[in-house]
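Written out below as C-alpha coordinates is the structure these notes cover.
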Amino acid sequence: MSYLDNVFSHFHQHNPHQPEFTQAVHEVLETLAPLFERESKYEEHSILERIIEPERQIVFRVAWTDDTGKVRVNRGFRIQYNSALGPYKGGIRFHPTVSPSVIKFLGFEQIFKNALTGLSIGGAKGGADFDPKDKSPGEVMRFCQAYITELYRHIGATVDVPAGDIGVGSREIGYMFGQYKRITGRYEGVLTGKRPLWGGSLARTEATGYGCVYFAQHMLKARNRDMEGRICVVSGAGNVAIYTIEKLQQLGAIPVTCSDSRGFIYDKHGINLQTLQSLKEGANESLELYLKYHPDAVYTPVSDYPDGQNGVWSVPCDLAFPCATQNELNAKDAQTLLANGCFLVSEGANMPSTPEAVELFLNAKILYGPGKAANAGGVATSQLEMAQNASMQQWSFEQVDSRLKLIMENIYRQCAHTAEEFGEPNNLVLGANIAGFRRVADAMIEQGVY
(Lines give C-alpha, C1' and ligand atoms only; values in the text may rest on other atoms or scores of the structure.)
Protein backbone atom coordinates (compact mmCIF):
# COMPACT_ATOMS: atom_id res chain seq x y z
CA MET A 1 0.00 0.00 0.00
CA SER A 2 1.38 3.43 -0.96
CA TYR A 3 1.88 6.21 1.58
CA LEU A 4 -1.12 8.16 0.26
CA ASP A 5 -3.34 5.06 0.28
CA ASN A 6 -2.32 4.34 3.85
CA VAL A 7 -3.15 7.91 4.92
CA PHE A 8 -6.54 7.68 3.18
CA SER A 9 -7.29 4.41 4.96
CA HIS A 10 -6.54 5.82 8.40
CA PHE A 11 -8.40 9.02 7.59
CA HIS A 12 -11.62 7.14 6.76
CA GLN A 13 -11.38 5.07 9.92
CA HIS A 14 -11.10 8.17 12.09
CA ASN A 15 -13.60 10.42 10.26
CA PRO A 16 -16.72 8.38 9.40
CA HIS A 17 -19.96 10.03 8.27
CA GLN A 18 -18.34 13.39 7.43
CA PRO A 19 -18.98 13.79 3.69
CA GLU A 20 -17.96 17.43 3.22
CA PHE A 21 -14.71 16.95 5.16
CA THR A 22 -13.94 13.73 3.29
CA GLN A 23 -14.53 15.45 -0.05
CA ALA A 24 -12.20 18.33 0.82
CA VAL A 25 -9.40 16.04 2.03
CA HIS A 26 -9.65 13.78 -1.03
CA GLU A 27 -9.61 16.77 -3.37
CA VAL A 28 -6.33 17.99 -1.90
CA LEU A 29 -4.54 14.71 -1.27
CA GLU A 30 -5.30 13.24 -4.69
CA THR A 31 -3.43 16.11 -6.36
CA LEU A 32 -0.35 15.76 -4.14
CA ALA A 33 0.88 12.44 -5.59
CA PRO A 34 3.36 14.09 -8.02
CA LEU A 35 4.86 16.09 -5.14
CA PHE A 36 5.31 13.01 -2.95
CA GLU A 37 6.96 11.14 -5.80
CA ARG A 38 9.49 13.96 -6.07
CA GLU A 39 9.98 14.90 -2.38
CA SER A 40 10.46 12.19 0.25
CA LYS A 41 10.77 14.59 3.19
CA TYR A 42 7.00 15.00 3.57
CA GLU A 43 6.50 11.28 4.12
CA GLU A 44 9.53 11.09 6.41
CA HIS A 45 8.05 13.80 8.64
CA SER A 46 4.47 12.34 8.51
CA ILE A 47 3.21 15.69 7.28
CA LEU A 48 -0.04 14.37 5.83
CA GLU A 49 -1.05 12.61 9.04
CA ARG A 50 -0.36 15.83 10.93
CA ILE A 51 -1.90 18.29 8.48
CA ILE A 52 -5.27 16.55 8.17
CA GLU A 53 -5.70 16.41 11.95
CA PRO A 54 -6.76 19.75 13.49
CA GLU A 55 -4.50 21.15 16.20
CA ARG A 56 -7.58 21.86 18.31
CA GLN A 57 -11.33 21.22 18.04
CA ILE A 58 -13.60 23.27 20.30
CA VAL A 59 -17.28 22.28 20.60
CA PHE A 60 -19.52 24.11 23.04
CA ARG A 61 -23.10 24.80 24.10
CA VAL A 62 -24.56 28.21 23.24
CA ALA A 63 -27.51 28.99 25.53
CA TRP A 64 -29.44 32.19 24.81
CA THR A 65 -32.88 33.73 25.42
CA ASP A 66 -35.36 34.49 22.64
CA ASP A 67 -37.82 37.40 22.59
CA THR A 68 -40.47 35.41 24.49
CA GLY A 69 -38.06 34.71 27.34
CA LYS A 70 -37.57 31.07 26.38
CA VAL A 71 -34.08 29.65 26.74
CA ARG A 72 -32.80 28.23 23.46
CA VAL A 73 -29.74 26.03 22.92
CA ASN A 74 -27.45 25.70 19.88
CA ARG A 75 -24.14 24.02 19.27
CA GLY A 76 -21.05 26.15 18.61
CA PHE A 77 -17.76 25.18 16.99
CA ARG A 78 -14.24 26.47 16.44
CA ILE A 79 -11.68 24.34 14.61
CA GLN A 80 -8.17 25.74 15.06
CA TYR A 81 -6.63 23.74 12.26
CA ASN A 82 -3.06 24.81 11.62
CA SER A 83 -0.87 27.61 13.01
CA ALA A 84 2.40 26.91 11.17
CA LEU A 85 2.23 30.19 9.23
CA GLY A 86 0.66 32.49 11.80
CA PRO A 87 -2.35 33.01 14.08
CA TYR A 88 -5.41 30.92 13.29
CA LYS A 89 -7.60 32.76 10.76
CA GLY A 90 -10.99 31.85 9.33
CA GLY A 91 -14.63 32.83 9.39
CA ILE A 92 -17.59 32.12 11.64
CA ARG A 93 -20.69 30.69 9.92
CA PHE A 94 -24.22 30.79 11.38
CA HIS A 95 -26.44 28.40 9.42
CA PRO A 96 -28.67 25.38 10.21
CA THR A 97 -26.38 23.12 8.13
CA VAL A 98 -23.32 23.81 10.28
CA SER A 99 -21.90 20.52 11.56
CA PRO A 100 -18.50 19.07 12.49
CA SER A 101 -18.06 17.88 8.90
CA VAL A 102 -18.83 21.31 7.39
CA ILE A 103 -16.61 23.20 9.83
CA LYS A 104 -13.70 20.77 9.37
CA PHE A 105 -13.97 20.95 5.56
CA LEU A 106 -13.96 24.76 5.70
CA GLY A 107 -11.05 24.84 8.14
CA PHE A 108 -9.02 22.39 6.07
CA GLU A 109 -9.58 24.47 2.91
CA GLN A 110 -8.65 27.59 4.87
CA ILE A 111 -5.14 26.27 5.62
CA PHE A 112 -4.15 26.23 1.96
CA LYS A 113 -6.15 29.28 0.94
CA ASN A 114 -4.40 31.34 3.61
CA ALA A 115 -1.02 29.90 2.62
CA LEU A 116 -1.55 30.98 -0.99
CA THR A 117 -1.99 34.62 0.05
CA GLY A 118 1.66 34.71 1.15
CA LEU A 119 0.58 36.35 4.40
CA SER A 120 1.29 35.22 7.97
CA ILE A 121 -1.99 33.51 8.82
CA GLY A 122 -2.87 29.96 9.78
CA GLY A 123 -6.12 28.11 9.07
CA ALA A 124 -9.28 27.89 11.19
CA LYS A 125 -13.08 27.97 10.95
CA GLY A 126 -16.01 28.27 13.31
CA GLY A 127 -19.75 28.64 13.55
CA ALA A 128 -23.00 27.43 14.99
CA ASP A 129 -26.17 25.68 13.81
CA PHE A 130 -28.09 28.92 14.39
CA ASP A 131 -30.23 30.50 11.68
CA PRO A 132 -30.26 34.31 11.91
CA LYS A 133 -32.74 34.69 9.04
CA ASP A 134 -35.90 34.30 11.12
CA LYS A 135 -34.57 36.00 14.27
CA SER A 136 -35.15 39.54 15.52
CA PRO A 137 -32.19 41.92 15.90
CA GLY A 138 -32.38 41.45 19.67
CA GLU A 139 -32.25 37.68 19.34
CA VAL A 140 -29.27 37.88 16.97
CA MET A 141 -27.46 40.15 19.43
CA ARG A 142 -28.09 37.86 22.39
CA PHE A 143 -26.97 34.81 20.42
CA CYS A 144 -23.75 36.52 19.30
CA GLN A 145 -23.02 37.58 22.86
CA ALA A 146 -23.64 34.04 24.14
CA TYR A 147 -21.45 32.56 21.38
CA ILE A 148 -18.47 34.80 22.12
CA THR A 149 -18.89 34.35 25.87
CA GLU A 150 -17.99 30.70 25.31
CA LEU A 151 -15.34 31.33 22.65
CA TYR A 152 -13.49 34.41 23.95
CA ARG A 153 -10.92 32.46 26.02
CA HIS A 154 -9.68 30.68 22.87
CA ILE A 155 -9.14 33.73 20.60
CA GLY A 156 -6.97 36.84 20.52
CA ALA A 157 -5.18 39.24 18.18
CA THR A 158 -2.09 37.01 17.97
CA VAL A 159 -3.82 33.68 18.72
CA ASP A 160 -6.97 33.26 16.60
CA VAL A 161 -8.71 36.03 14.67
CA PRO A 162 -12.17 35.00 13.40
CA ALA A 163 -14.05 36.80 10.64
CA GLY A 164 -17.53 36.61 9.11
CA ASP A 165 -18.99 34.02 6.77
CA ILE A 166 -22.51 32.93 5.78
CA GLY A 167 -24.96 34.39 8.31
CA VAL A 168 -22.29 36.56 9.93
CA GLY A 169 -21.83 40.08 8.62
CA SER A 170 -20.63 43.33 10.15
CA ARG A 171 -23.68 43.47 12.46
CA GLU A 172 -22.88 40.10 14.02
CA ILE A 173 -19.15 40.88 14.16
CA GLY A 174 -20.03 44.09 16.03
CA TYR A 175 -22.07 42.26 18.66
CA MET A 176 -19.29 39.68 19.17
CA PHE A 177 -16.56 42.32 19.31
CA GLY A 178 -18.52 44.32 21.88
CA GLN A 179 -18.97 41.25 24.08
CA TYR A 180 -15.30 40.29 23.78
CA LYS A 181 -14.28 43.82 24.79
CA ARG A 182 -16.76 43.80 27.68
CA ILE A 183 -15.38 40.50 29.04
CA THR A 184 -11.66 41.07 28.51
CA GLY A 185 -11.34 44.84 28.72
CA ARG A 186 -9.14 44.74 25.61
CA TYR A 187 -9.69 46.80 22.48
CA GLU A 188 -7.73 44.78 19.94
CA GLY A 189 -8.03 43.36 16.45
CA VAL A 190 -9.53 40.07 17.61
CA LEU A 191 -12.16 39.93 14.86
CA THR A 192 -12.08 41.12 11.26
CA GLY A 193 -14.98 42.26 9.11
CA LYS A 194 -15.66 45.13 11.50
CA ARG A 195 -17.24 48.35 10.31
CA PRO A 196 -14.64 50.98 9.29
CA LEU A 197 -15.98 53.33 12.01
CA TRP A 198 -14.33 51.26 14.74
CA GLY A 199 -11.39 49.37 13.30
CA GLY A 200 -12.65 47.73 10.13
CA SER A 201 -10.88 47.92 6.80
CA LEU A 202 -12.24 49.73 3.80
CA ALA A 203 -12.75 47.32 0.87
CA ARG A 204 -13.12 44.29 3.19
CA THR A 205 -16.81 43.88 2.33
CA GLU A 206 -16.02 43.90 -1.38
CA ALA A 207 -12.83 41.86 -1.22
CA THR A 208 -13.98 38.27 -1.84
CA GLY A 209 -16.13 39.23 -4.82
CA TYR A 210 -13.58 41.63 -6.26
CA GLY A 211 -10.77 39.11 -5.77
CA CYS A 212 -12.73 36.39 -7.52
CA VAL A 213 -13.06 38.65 -10.57
CA TYR A 214 -9.40 39.73 -10.43
CA PHE A 215 -8.41 36.06 -10.47
CA ALA A 216 -10.66 35.50 -13.51
CA GLN A 217 -8.98 38.46 -15.20
CA HIS A 218 -5.59 36.80 -14.87
CA MET A 219 -6.92 33.51 -16.25
CA LEU A 220 -8.34 35.39 -19.24
CA LYS A 221 -5.14 37.37 -19.76
CA ALA A 222 -3.19 34.11 -20.00
CA ARG A 223 -5.37 33.24 -23.02
CA ASN A 224 -5.18 36.78 -24.48
CA ARG A 225 -8.82 37.51 -23.62
CA ASP A 226 -10.57 40.13 -21.50
CA MET A 227 -13.84 40.82 -19.68
CA GLU A 228 -15.39 43.35 -22.03
CA GLY A 229 -18.88 42.32 -23.17
CA ARG A 230 -18.74 38.82 -21.62
CA ILE A 231 -22.06 37.33 -20.51
CA CYS A 232 -21.67 36.11 -16.93
CA VAL A 233 -23.80 33.99 -14.63
CA VAL A 234 -23.42 34.48 -10.88
CA SER A 235 -25.02 32.43 -8.12
CA GLY A 236 -25.83 33.80 -4.68
CA ALA A 237 -27.10 37.15 -3.49
CA GLY A 238 -24.89 37.84 -0.47
CA ASN A 239 -21.77 39.99 -0.23
CA VAL A 240 -19.65 37.75 -2.46
CA ALA A 241 -22.21 37.66 -5.26
CA ILE A 242 -23.10 41.36 -4.98
CA TYR A 243 -19.50 42.53 -5.25
CA THR A 244 -18.63 39.99 -7.92
CA ILE A 245 -21.47 41.52 -9.94
CA GLU A 246 -20.28 45.05 -9.16
CA LYS A 247 -16.70 44.39 -10.26
CA LEU A 248 -17.82 42.55 -13.41
CA GLN A 249 -19.92 45.56 -14.38
CA GLN A 250 -17.03 47.94 -13.70
CA LEU A 251 -14.89 45.89 -16.09
CA GLY A 252 -17.49 45.92 -18.88
CA ALA A 253 -18.90 42.42 -18.42
CA ILE A 254 -22.64 41.67 -18.24
CA PRO A 255 -23.69 39.59 -15.22
CA VAL A 256 -27.25 38.40 -15.93
CA THR A 257 -28.16 36.22 -12.91
CA CYS A 258 -28.24 36.11 -9.13
CA SER A 259 -29.90 33.63 -6.79
CA ASP A 260 -30.96 32.80 -3.25
CA SER A 261 -32.35 29.71 -1.53
CA ARG A 262 -35.79 30.34 -3.06
CA GLY A 263 -34.96 30.90 -6.73
CA PHE A 264 -32.98 32.92 -9.25
CA ILE A 265 -33.30 36.04 -11.40
CA TYR A 266 -32.33 36.22 -15.05
CA ASP A 267 -32.10 39.76 -16.42
CA LYS A 268 -30.83 39.83 -20.00
CA HIS A 269 -30.03 43.54 -19.65
CA GLY A 270 -27.72 42.83 -16.72
CA ILE A 271 -28.53 42.62 -13.01
CA ASN A 272 -29.47 45.98 -11.52
CA LEU A 273 -27.08 46.22 -8.61
CA GLN A 274 -29.00 48.92 -6.76
CA THR A 275 -32.18 46.83 -6.77
CA LEU A 276 -30.32 43.70 -5.67
CA GLN A 277 -28.67 45.53 -2.78
CA SER A 278 -31.96 47.07 -1.65
CA LEU A 279 -33.53 43.60 -1.50
CA LYS A 280 -30.66 41.76 0.14
CA GLU A 281 -28.60 44.08 2.32
CA GLY A 282 -30.34 44.06 5.68
CA ALA A 283 -33.88 43.04 4.73
CA ASN A 284 -33.08 39.75 2.90
CA GLU A 285 -36.23 39.95 0.77
CA SER A 286 -37.13 37.36 -1.86
CA LEU A 287 -35.53 37.94 -5.26
CA GLU A 288 -39.00 37.60 -6.76
CA LEU A 289 -39.54 41.25 -5.73
CA TYR A 290 -36.88 42.19 -8.31
CA LEU A 291 -39.65 41.85 -10.94
CA LYS A 292 -41.54 44.74 -9.34
CA TYR A 293 -38.79 47.09 -10.53
CA HIS A 294 -37.67 45.21 -13.64
CA PRO A 295 -40.68 43.45 -15.22
CA ASP A 296 -38.63 42.25 -18.21
CA ALA A 297 -36.57 40.00 -15.94
CA VAL A 298 -37.49 36.35 -15.31
CA TYR A 299 -37.77 34.76 -11.87
CA THR A 300 -37.52 30.97 -11.56
CA PRO A 301 -38.36 29.37 -8.19
CA VAL A 302 -36.31 26.45 -6.92
CA SER A 303 -39.27 24.13 -7.47
CA ASP A 304 -38.93 24.70 -11.23
CA TYR A 305 -35.24 23.80 -11.44
CA PRO A 306 -34.33 20.73 -13.51
CA ASP A 307 -34.04 17.60 -11.40
CA GLY A 308 -30.82 17.67 -9.41
CA GLN A 309 -29.58 20.86 -11.07
CA ASN A 310 -29.22 24.53 -10.20
CA GLY A 311 -31.20 26.66 -12.62
CA VAL A 312 -28.60 29.43 -12.67
CA TRP A 313 -26.22 27.21 -14.63
CA SER A 314 -28.80 26.62 -17.39
CA VAL A 315 -28.42 30.21 -18.62
CA PRO A 316 -26.05 30.46 -21.64
CA CYS A 317 -22.91 32.40 -20.71
CA ASP A 318 -19.23 32.96 -21.33
CA LEU A 319 -18.12 33.07 -17.69
CA ALA A 320 -19.56 31.50 -14.51
CA PHE A 321 -19.06 32.58 -10.91
CA PRO A 322 -20.41 30.19 -8.23
CA CYS A 323 -20.73 32.46 -5.18
CA ALA A 324 -23.35 30.77 -2.98
CA THR A 325 -22.32 27.62 -1.09
CA GLN A 326 -20.58 24.24 -1.25
CA ASN A 327 -21.58 21.65 -3.88
CA GLU A 328 -24.01 23.97 -5.65
CA LEU A 329 -22.70 23.03 -9.10
CA ASN A 330 -22.87 19.32 -9.99
CA ALA A 331 -21.90 17.25 -13.02
CA LYS A 332 -25.18 17.92 -14.87
CA ASP A 333 -24.74 21.64 -14.27
CA ALA A 334 -21.17 21.45 -15.55
CA GLN A 335 -22.28 19.62 -18.69
CA THR A 336 -24.93 22.29 -19.29
CA LEU A 337 -22.44 25.12 -18.85
CA LEU A 338 -19.96 23.51 -21.24
CA ALA A 339 -22.67 22.76 -23.82
CA ASN A 340 -23.77 26.40 -23.68
CA GLY A 341 -20.27 27.70 -24.42
CA CYS A 342 -18.98 28.62 -20.95
CA PHE A 343 -15.18 28.76 -21.05
CA LEU A 344 -14.32 30.09 -17.56
CA VAL A 345 -15.41 29.23 -14.02
CA SER A 346 -14.07 31.26 -11.10
CA GLU A 347 -15.28 30.14 -7.68
CA GLY A 348 -16.32 32.79 -5.17
CA ALA A 349 -17.67 30.22 -2.70
CA ASN A 350 -15.85 27.44 -0.84
CA MET A 351 -15.88 24.15 -2.79
CA PRO A 352 -19.01 25.05 -4.80
CA SER A 353 -18.34 22.48 -7.54
CA THR A 354 -18.65 18.76 -6.90
CA PRO A 355 -15.65 16.54 -7.74
CA GLU A 356 -17.45 15.27 -10.85
CA ALA A 357 -18.03 18.84 -12.06
CA VAL A 358 -14.38 19.77 -11.46
CA GLU A 359 -13.25 16.75 -13.45
CA LEU A 360 -15.44 17.80 -16.37
CA PHE A 361 -14.02 21.34 -16.32
CA LEU A 362 -10.43 20.09 -16.22
CA ASN A 363 -11.01 17.54 -18.99
CA ALA A 364 -12.61 20.23 -21.15
CA LYS A 365 -9.53 22.41 -20.54
CA ILE A 366 -11.60 25.49 -19.81
CA LEU A 367 -10.25 28.17 -17.47
CA TYR A 368 -11.10 26.94 -13.97
CA GLY A 369 -10.20 28.84 -10.78
CA PRO A 370 -10.74 26.71 -7.65
CA GLY A 371 -12.19 28.41 -4.59
CA LYS A 372 -9.12 28.13 -2.39
CA ALA A 373 -7.34 30.37 -4.91
CA ALA A 374 -10.07 32.44 -6.54
CA ASN A 375 -11.90 33.43 -3.35
CA ALA A 376 -8.82 34.09 -1.20
CA GLY A 377 -9.27 37.85 -1.53
CA GLY A 378 -11.56 37.99 1.48
CA VAL A 379 -9.17 36.42 3.96
CA ALA A 380 -6.25 38.32 2.44
CA THR A 381 -8.01 41.61 3.14
CA SER A 382 -8.88 40.37 6.62
CA GLN A 383 -5.15 40.04 7.24
CA LEU A 384 -4.70 43.59 5.93
CA GLU A 385 -7.32 44.63 8.50
CA MET A 386 -5.24 42.88 11.18
CA ALA A 387 -2.17 44.86 10.06
CA GLN A 388 -4.10 48.13 10.24
CA ASN A 389 -5.39 47.28 13.72
CA ALA A 390 -1.90 46.40 14.96
CA SER A 391 -0.57 49.79 13.83
CA MET A 392 -3.74 51.72 14.83
CA GLN A 393 -4.13 53.03 11.27
CA GLN A 394 -6.76 52.95 8.56
CA TRP A 395 -5.74 52.75 4.92
CA SER A 396 -7.76 54.23 2.06
CA PHE A 397 -10.03 52.09 -0.10
CA GLU A 398 -7.59 52.53 -2.98
CA GLN A 399 -4.63 51.37 -0.88
CA VAL A 400 -6.42 48.21 0.20
CA ASP A 401 -7.77 47.48 -3.26
CA SER A 402 -4.35 47.89 -4.87
CA ARG A 403 -2.87 45.42 -2.35
CA LEU A 404 -5.73 43.03 -3.03
CA LYS A 405 -5.04 43.17 -6.78
CA LEU A 406 -1.36 42.38 -6.19
CA ILE A 407 -2.19 39.49 -3.84
CA MET A 408 -4.62 37.94 -6.34
CA GLU A 409 -2.04 38.30 -9.12
CA ASN A 410 0.56 36.56 -6.95
CA ILE A 411 -1.89 33.76 -6.09
CA TYR A 412 -2.62 33.20 -9.77
CA ARG A 413 1.08 33.14 -10.65
CA GLN A 414 1.86 30.65 -7.86
CA CYS A 415 -0.91 28.33 -9.06
CA ALA A 416 -0.01 28.64 -12.74
CA HIS A 417 3.76 28.24 -12.21
CA THR A 418 3.31 25.24 -9.92
CA ALA A 419 0.91 23.56 -12.34
CA GLU A 420 3.42 24.09 -15.14
CA GLU A 421 6.26 22.80 -12.94
CA PHE A 422 4.41 19.50 -12.52
CA GLY A 423 3.52 19.16 -16.20
CA GLU A 424 -0.16 20.16 -16.09
CA PRO A 425 -0.24 23.84 -17.10
CA ASN A 426 -4.05 23.99 -17.33
CA ASN A 427 -4.65 22.44 -13.91
CA LEU A 428 -4.89 25.25 -11.36
CA VAL A 429 -6.43 22.81 -8.86
CA LEU A 430 -3.15 20.89 -8.75
CA GLY A 431 -1.21 24.15 -8.78
CA ALA A 432 -3.15 25.65 -5.87
CA ASN A 433 -3.04 22.52 -3.75
CA ILE A 434 0.67 21.84 -4.19
CA ALA A 435 1.71 25.49 -3.78
CA GLY A 436 -0.37 25.93 -0.63
CA PHE A 437 0.64 22.56 0.82
CA ARG A 438 4.37 23.13 0.27
CA ARG A 439 4.36 26.44 2.12
CA VAL A 440 2.57 25.00 5.16
CA ALA A 441 4.41 21.66 5.16
CA ASP A 442 7.86 23.25 4.91
CA ALA A 443 7.04 25.53 7.84
CA MET A 444 5.86 22.55 9.89
CA ILE A 445 9.09 20.65 9.20
CA GLU A 446 11.23 23.63 10.21
CA GLN A 447 9.26 24.09 13.46
CA GLY A 448 9.75 20.50 14.61
CA VAL A 449 7.18 17.98 15.81
CA TYR A 450 4.11 19.55 17.41
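Observations on the model:
- Every pair of residues 6+ apart whose Cβ atoms lie under 8 Å, when the first sits in region 278-300 and is farther than 17 Å from residue 242 by Cα and of a type in the set (Gly, Ala, Ser) while the second is open to solvent by 40 Å² or more (accessible area, probe 1.4 Å) and in a helix (DSSP H, G or I): 297/291
- Condition check for residue 111: more than 30 Å from residue 365 (Cα to Cα), outside the structural domain of residue 322 (by the TED database) and touching a residue at least 12 places away in the same chain (Cβ under 8 Å): no
- Top-ranked residue of region 249-261 - restricted to ones that are hydrophobic (A, V, I, L, M, F, W, C) and farther than 19 Å from residue 299 by Cβ, ranked as most open to solvent (accessible area, probe 1.4 Å): 251
- Exactly one residue among 246, 328 is more than 21 Å from residue 205 (Cβ to Cβ), within 20 Å of the chain's Cα centre (by Cα) and either in contact (Cβ under 8 Å) with a residue 24 or more places away in the chain or buried (at least 18 other Cβ atoms within 10 Å of the Cβ) (or both), and that residue is 328.
- Applying the set (1) over 18 Å from residue 111 (Cβ atoms); (2) open to solvent by less than 10 Å² (accessible area, probe 1.4 Å); (3) touching a residue at least 40 places away in the same chain (Cβ under 8 Å) to residue 357 leaves exactly one unmet item: (3).
- Search result, residues across region 6-56 that are among the small types (Gly, Ala, Ser) and assigned to a helix (DSSP H, G or I): 9, 24, 33
The values are calculated or read from the model by the stated rules, or taken from the named source; none is laboratory data. For clarity, every value in this text was computed on a predicted model and none was experimentally measured. Here Cβ is always computed from backbone atoms with ideal geometry, including for glycine, and neighbour counts include all displayed protein chains. Surface accessibility is based on the protein's heavy atoms, side chains included, excluding ligands, DNA and RNA. Shrake-Rupley method; radii C 1.70, N 1.55, O 1.52, S 1.80 Å.
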